[in-house]
Amino acid sequence: MNWRMLFEDSQSWDHILFSVCWLLAAAIIGRIIHFLVFRLLQCRAVDSRQNLSVTLLKHLRAPAGLVIPLLSILLIAPALQFPEETVMVCRRIFSLGFIASVAWLLGSTVFIFRDLVLSRYDVTARDNLKARAVHTQINVLVKITLVVICVIAAACMMMIFENIRQLGTSLLASAGVIGIIVGFAAQRSLGTLLAGLQIAITQPIRIDDVVIVEGEWGRIEEITLTYVVVRIWDLRRIILPVTYFLEKPFQNWTRVSADLLGSVFLHADYTVPVEALRNELQRILAGSENWDGKVWKLQATNATATTVEFRALMSAPDSSMAWDLRCEVREKLLAFLQKNFPESLPKVRAELKTVARAREDGSCAFGTTHVTKE
């Protein structure tokens, strides 16, 4: 009887060892399939330099290396013989791993879609209005999709276990009720997420938009579901909640187009030759790389008791070049007046009378002169 039991036990262990070998073989076959597929894809990417092949290699190699062997194991596992308890534990472990790997694979697929779409829109180009709009929408939608994938994967993992299966089912089937509960528990956070979604759809701001917020000039560097990063001209960063751009006024210099009008104000004496100053402005703009050739004008916008105010108006392709152009015009117009018409610089005049003339007029003064204001 003991020999018979030992013989039966040895047969049982032989079946288990045989089954384990089949599982290892399935995993190895899965790895070989993964290697061959991605080796072929890598050769194609090197030969053709296609953006699709490079993107697939970048995002799918790692998750596919886990999904394919697990899929091979799950396909062959029902035909193998293991003790009931071992089968139950292994089935749950492999199911958890498979769900996690599929979620990883779906997330990588989302990134593939993102890279393929964004590769067609160069945000560094000069006329990048459409590119910035697409980048903003795609990045926000990718974040939302990843959150949905994680929630569904967590629900599927819960449904594997008997004790918490109802919780996983409720997470999928009762999303409305859970949404209401979460809404009451995190009303402010939910409002922020909805504001981020509204920013993505209506687009009051886009990636690389030039804005003035909190009295600072900067560019939109990053937009998430909850906050926005603004890069200031001196490389500081302002972190603002997305609700800021829906509740408070701000300046967006590139909302419709990136080109911008710049102005320079200049004060001169009444003796300044206006036509010569206007011709000099035209000459300066024609020789500047920062001017786009669309708009220029010089006008006397104000006249005070001592000076005349001139406004030089000019256009530039974007805000950075507009700033450089304004500085360039201001410096060169001042140099032009100093060199050619120094008498036209601002002055303060005062009239003084001699003592004899003052006695005749009944006033107190001692001479006549001009005082230059410095």
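The values are calculated or read from the model by the stated rules, or taken from the named source; none is laboratory data. This one's a predicted model, so the numbers in the text were calculated from it and none came from an experiment. Methodologically, a virtual Cβ is constructed for each residue, glycine included, from the backbone with ideal geometry; neighbour enumeration extends over all protein chains shown. Side chains are part of the model used for accessible areas, which takes the heavy atoms of the whole protein and leaves out ligands, DNA and RNA. Shrake-Rupley method; radii C 1.70, N 1.55, O 1.52, S 1.80 Å.
Would the stretch 304-312 turn up any residue that is assigned to a loop (DSSP other than H, G, I, E, B), without any contact (Cβ under 8 Å) to a residue 12 or more places away in the chain and either touching a strand residue (DSSP E or B) at 6+ places or on another chain (Cβ under 9 Å) or among the aliphatic types (A, V, I, L, M) (or both)? The answer is yes, given that some residue of the stretch 304-312 is assigned to a loop (DSSP other than H, G, I, E, B), without any contact (Cβ under 8 Å) to a residue 12 or more places away in the chain and either touching a strand residue (DSSP E or B) at 6+ places or on another chain (Cβ under 9 Å) or among the aliphatic types (A, V, I, L, M) (or both).
Filtered by the rule that a residue be of a type in the set (Gly, Ala, Ser) and open to solvent by 30 Å² or more (accessible area, probe 1.4 Å), the stretch 290-322 gives 293, 300, 303, 305, 320.
Does residue 223 meet the test of being open to solvent by less than 50 Å² (accessible area, probe 1.4 Å) and closer than 18 Å to residue 323 by Cβ? Write out each step before concluding.
Details: open to solvent by less than 50 Å² (accessible area, probe 1.4 Å): yes; closer than 18 Å to residue 323 by Cβ: no.
Spelling it out, it is not the case that residue 223 is open to solvent by less than 50 Å² (accessible area, probe 1.4 Å) and closer than 18 Å to residue 323 by Cβ.
Would it be correct to say that residue 325 is surrounded by fewer than 19 Cβ atoms within 10 Å (Cβ to Cβ) and closer than 22 Å to residue 254 by Cα?
No; evaluated as a whole, the condition is false for this residue.
The set of residues from the stretch 224-237 being touching an Asp or Glu at 6+ places or on another chain (Cβ under 6 Å) and over 21 Å from residue 201 (Cβ atoms) comprises 231, 232.
Within the stretch 256-285, the residues that satisfy the criterion of being out of contact with any strand residue (DSSP E or B) (no Cβ under 9 Å at 6 or more places or on another chain) and part of a loop (DSSP other than H, G, I, E, B) are 256, 257, 271, 273. In the stretch 318-367, the qualifying residues are those that are modelled with pLDDT of 70 or more and among the β-branched types (Val, Ile, Thr), and the one that is farthest from residue 211 (Cα to Cα) is 348.
Which of the following residues is at pLDDT 65 or above, over 46 Å from the mean Cα position of the chain (by Cα) and aliphatic (A, V, I, L, M): 66, 6, 17, 70?
Going through 66, 6, 17, 70 in turn, just one is at pLDDT 65 or above, over 46 Å from the mean Cα position of the chain (by Cα) and aliphatic (A, V, I, L, M): 17.
Against the condition in the same structural domain as residue 20 (by the TED database), over 19 Å from residue 22 (Cα atoms) and at pLDDT 75 or above, how does residue 101 come out, does it pass?
Considered against the rule, which asks whether it is in the same structural domain as residue 20 (by the TED database), over 19 Å from residue 22 (Cα atoms) and at pLDDT 75 or above, residue 101 comes out as yes.
Reported count of residues in the stretch 224-247, each being of a type in the set (D, E, K, R) and modelled with pLDDT of 90 or more, is 3. For the stretch 231-282, a residue qualifies if it is farther than 20 Å from residue 297 by Cβ, open to solvent by less than 60 Å² (accessible area, probe 1.4 Å) and of a type in the set (A, V, I, L, M), and the qualifying residues are 232, 238, 240, 242, 258. Looking only at residues in the stretch 126-160 that are surrounded by 16 or more Cβ atoms within 10 Å (Cβ to Cβ) and in contact with a Gly (Cβ under 6 Å, 6 or more places away or on another chain), the one that is farthest from residue 223 (Cα to Cα) is 159. For the stretch 332-346, the condition of being at negative phi, surrounded by 13 or more Cβ atoms within 10 Å (Cβ to Cβ), touching a Phe, Trp or Tyr at 6+ places or on another chain (Cβ under 8 Å) and in a helix (DSSP H, G or I) holds for none of the residues.
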